[in-house]
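For reference, the structure discussed in these notes is given below.
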Amino acid sequence: MTKREAIFPPNRHALYEKHGYSAAIRSGDLLFVSGQVGSRDDGSAEPDYAKQVQLAFNNLKAVLAAAGASFDDIIDVTTFHTDPEQQFETFMGIKEQAFSEKPYPSWTAVGVNWLAGFDFEIKVIARLPDAG
């Protein structure tokens, strides 16, 4: 059995420690990234929706980088939206910048009614680049 290894981006350990989870877990060549939200450095939600989504993608990028990966290594995406009908156009503009080249990762979008004060969350699975 492959032992899991916790991955944390710089400067955000307190956020994960406070809530008792890891930013990501490496298991073999797979990286399972916990849901990333558009939190400011102090952990509070960015009130502007577009900025909140961009911050979530920025936070995701930092977690991936801490594991030696990038958006190109993502194979599966799940996004959570509190008001998909109103938010989708804004979200899609930001998503299309992050995933601009085919083949795109698989993607599931889920409408939810609560995200602990946030309006958007993204979690991914990535295959880590070959270190050898």
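Simple point charges give the picture: +1 on the Cβ of Lys and Arg, -1 on the Cβ of Asp and Glu, and for the range 37-132 a dipole about the Cα centre of about 200 debye.
Can you tell me the orientation of helix 49-66 relative to the chain, as the angle in degrees between its alpha-carbon axis and the longest Cα principal axis, to the nearest 10? Taking the Cα atoms of the chain, the angle to 49-66 is about 0 degrees. Axis angle, to the nearest 10 degrees, between helix 84-98 and the longest C-alpha principal axis of the chain: 40 degrees.
Let's test the formula: R0 of 30 Å, r as the Cβ-Cβ distance of GLN97 and ALA6. What FRET efficiency results, to the nearest 0.05? Walk me through the intermediate numbers first.
Details: r = 29 Å, r/R0 = 0.96.
For GLN97 and ALA6, the calculated efficiency is 0.55.
Counting Lys +1, Arg +1, Asp -1, Glu -1, what net charge surrounds SER70 among other residues with beta carbon under 13 Å of its beta carbon?
-1
Can you compute the helix-only [θ] at 222 nm over the chain? Use -39500 (n - 2.57) per DSSP H run of at least 4 residues, normalise by all residues, nearest 500 deg cm²/dmol. Numbers along the way, then the final one.
Working: 3 runs with 40 residues, N = 132.
Mean residue ellipticity, 222 nm, calculated: -9500 deg cm²/dmol.
Give the shape of the range 46-125 as rounded, prolate or oblate, defined through the alpha-carbon gyration tensor: a ≥ b ≥ c are the square roots of its eigenvalues, a/c under 1.5 means rounded, and otherwise the shape is prolate if a/b is larger than b/c and oblate if not. Prolate is the answer for the range 46-125, as a/c is 1.5 or above and a/b outweighs b/c. Distance between the modelled labels on SER70 and LYS18, one decimal in nanometres: 3.2 nm (7 Å Cα→Cβ projection). The magnitude of the dipole of the range 92-132, with charges of +1 and -1 set on the Cβ of Lys/Arg and Asp/Glu and taken from the Cα centre, is near 100 debye. With the dipole of the chain worked out from charges on the C-beta (+1 for Lys and Arg, -1 for Asp and Glu) around the Cα centre, which of TRP107, PHE32, LEU60 lies farthest toward the positive end? Selected residue: PHE32.
Of the peptides 64-77, 105-118, the ranking by mean beta-carbon count within 10 Å, highest at the top, reads 64-77, 105-118.
If you roll a 1.4 angstrom probe over the protein chains with everything in place, what fraction of the accessible area of the chain belongs to carbon and sulfur, to the nearest %?
On the way: 3900 of 7860 Å².
Ligands and nucleic acids excluded, carbon and sulfur give 50 percent.
Note: relative contact order over the range 1-74, using C-alpha pairs below 8 Å and six or more positions apart, is 29 percent.
The values are calculated or read from the model by the stated rules, or taken from the named source; none is laboratory data. Quick caveat, the model's predicted, so the values are computed rather than measured. Ideal geometry is used to build each Cβ from the backbone, glycine not excepted, and the neighbour counts take in all protein chains shown. When the accessible area is computed, the model is the full protein with side chains, heavy atoms only, and any ligands, DNA or RNA have been set aside. Shrake-Rupley method; radii C 1.70, N 1.55, O 1.52, S 1.80 Å.
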